[in-house]
Structure formats: structure tokens, C-alpha cells
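Peer 1: Mind having a look at this structure? Questions to follow.
No lab work stands behind these numbers, since they all come straight from the coordinates. Just so it is clear, the model here is predicted, and its values are computed rather than measured. In this analysis, Cβ positions are derived from the backbone assuming ideal geometry, glycine residues included, and neighbour counts consider all displayed protein chains.
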Amino acid sequence: MSGVKIDQSHFGCVYNIGCCHYFVGEYANAKKWFDLAIKVNCQSIDSFFGKAVCCLKLGQYKEALEAISTVDRESWEGIADKSGKISENYFWHQITYLHAICLKINKRFDEA
């Protein structure tokens, strides 16, 4: 990302840089950007999800579990898309699945 001016206080910019690093396989860099995105917007489930996946790719299983465990479904129950409909159900299934994987890798089988 050299030569690109990045506003580190702009959530969309920071989050998208994390995604760019992720999609080219630079998981350590992606994780740093997702961490920054979480600092800018601590309610972004996408950032926690991205961080958790990066941690899994890096073999940082406890940190992956911490990141995904931070996401609390009750906090997101009221999130609606522009039409006013709840739109996070499919994404919530991904979060739940990733949480179970993290628990399994961390040998917390009963919880998984």
C-alpha cells in the first residue's frame, strides 16, 4: 500500500486496507489494520471477524477466540439495513461457525 495516503481515523479506509492485505495473503498486516479498524469503530463485527480469521491463518488460536468472543449477538439484534429489515442473520451464522471452530481449536469441546 505504499504511495497511498491513508486517513487512519476513517473507518472505511482502514477496514478496506485490512481487507486488501487479507485477500493477498498478508495476514499479519491485515490483522494490524483490522485492529486499527476496531479502535476506530469498536462496534464493527466485520473487523472482529476479519481479525479472527487472520489470527486463525497465523496460528494465533487464543487471540482468534478472543476476537470472535467479543462479538455479542444482543448488541447486533437491532441492526437493520436501509429498508429497515434485519439483515445480519446470514453473517451471524458465519460468526457462530467461526466461534465454534475457535473453541474446537482451543480444545474447549464442550462449548463448541
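Peer 1: Sketch the reach of a paramagnetic label on residue 66 as a point 7 Å from Cα along Cα-to-Cβ, and name the residues of the stretch 7-44 whose backbone nitrogen lies under 20 Å away.
Peer 2: The answer is 27-44, whose backbone nitrogens lie closer than 20 Å to the label point.
Peer 1: Take the cross-link list 51/104; 39/104; 32/104; 32/107 and give me the ones stretching past 23 Å between alpha-carbons.
Peer 2: Violating the 23 Å Cα-Cα cut-off are 39/104; 32/104; 32/107.
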